[in-house]
């Protein structure tokens, strides 16, 4: 699959490019960025069905942002991050745009805050092993506890991946993704759960997310979109999860099995990751299904 597009100037609404669906979305894809005058775009337009992909008007590629190292991509190195209010950490470009989105939200009567920002490799490994080892409960899509002991290893793997990322493959490692809530909608001692019920239209955070829906649809979300806004058969929908398009795109394009295997080889003991054999047997497919976001489905990328 080849995606060609250019970034829009302020006021734009549609990426000038095309998507050729020569391979299934579940497979690996190759992404190329071309100027509007690129002959490849003209040839694709003439010979292939076009599926345009819109981007937010304000999702410009961040300037002066260094390409993350392998250890930064996998959550081992945190040196690329800055601290933001609440003790959370984000990439500098993301922190600036999120502060602007917070101001927009405040003008609309919301107190937009971060429930979870950066998450380290070790923290993600602890979550994974606790679930795979039966120490931490794994739920199904209806919120019911699963009896993991009754599931085959492959079924256990997919049950965990529905709600938790592989260590080294979490989008929260990059400093580009965050989970949000409206502090103005709840009491100070309210414990945010990040459940579908909270973010449903009639849930306690429903008004905030309807407002975010409208901002994204209008291209006024400061470059943020929802990578897991719909159910594509991988990660369960997470309406609370926002990603900074301009910053996350490069990270996502570099994520793959080779990067993860190298990370695990350097930073894990042989028995440091439960279900590792099942994971490595189909790692590229798991990355494609549970990490990457196909560019053709998202209306505001």
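The values are calculated or read from the model by the stated rules, or taken from the named source; none is laboratory data. The shown structure was predicted, so the numbers you read here are calculated from the model rather than taken from an experiment. We place every Cβ from the backbone using ideal geometry, glycine too, and count neighbours over all the protein chains shown.
Here are some notes:
- Among the criteria (1) modelled with pLDDT of 95 or more; (2) at negative phi, the one residue 257 does not fulfil is (1).
- All positions within the stretch 171-197 that are out of contact with any strand residue (DSSP E or B) (no Cβ under 7 Å at 6 or more places or on another chain) and surrounded by fewer than 20 Cβ atoms within 10 Å (Cβ to Cβ): 184, 185, 186, 187, 188, 189, 190, 191, 193, 195, 196, 197
- The set of residues from the stretch 120-131 being in contact with a helix residue (DSSP H, G or I) (Cβ under 8 Å, 6 or more places away or on another chain) and under 11 Å from residue 168 (Cβ atoms) comprises 120, 121, 124, 128.
- Meets criteria (at pLDDT below 95, under 22 Å from residue 226 (Cβ atoms) and under 17 Å from the mean Cα position of the chain (by Cα)) for residue 93: yes
- Residue 49 at pLDDT below 95 and in the same structural domain as residue 175 (by TED's automatic domain parsing): no
- Residue in the stretch 267-279 that is assigned by TED's automatic domain parsing to the domain that holds residue 133, surrounded by fewer than 17 Cβ atoms within 10 Å (Cβ to Cβ) and under 21 Å from residue 97 (Cβ atoms) present: no
- Checked against the criterion of being modelled with pLDDT of 95 or more and in contact with a strand residue (DSSP E or B) (Cβ under 9 Å, 6 or more places away or on another chain), the stretch 56-71 has no qualifying residue.
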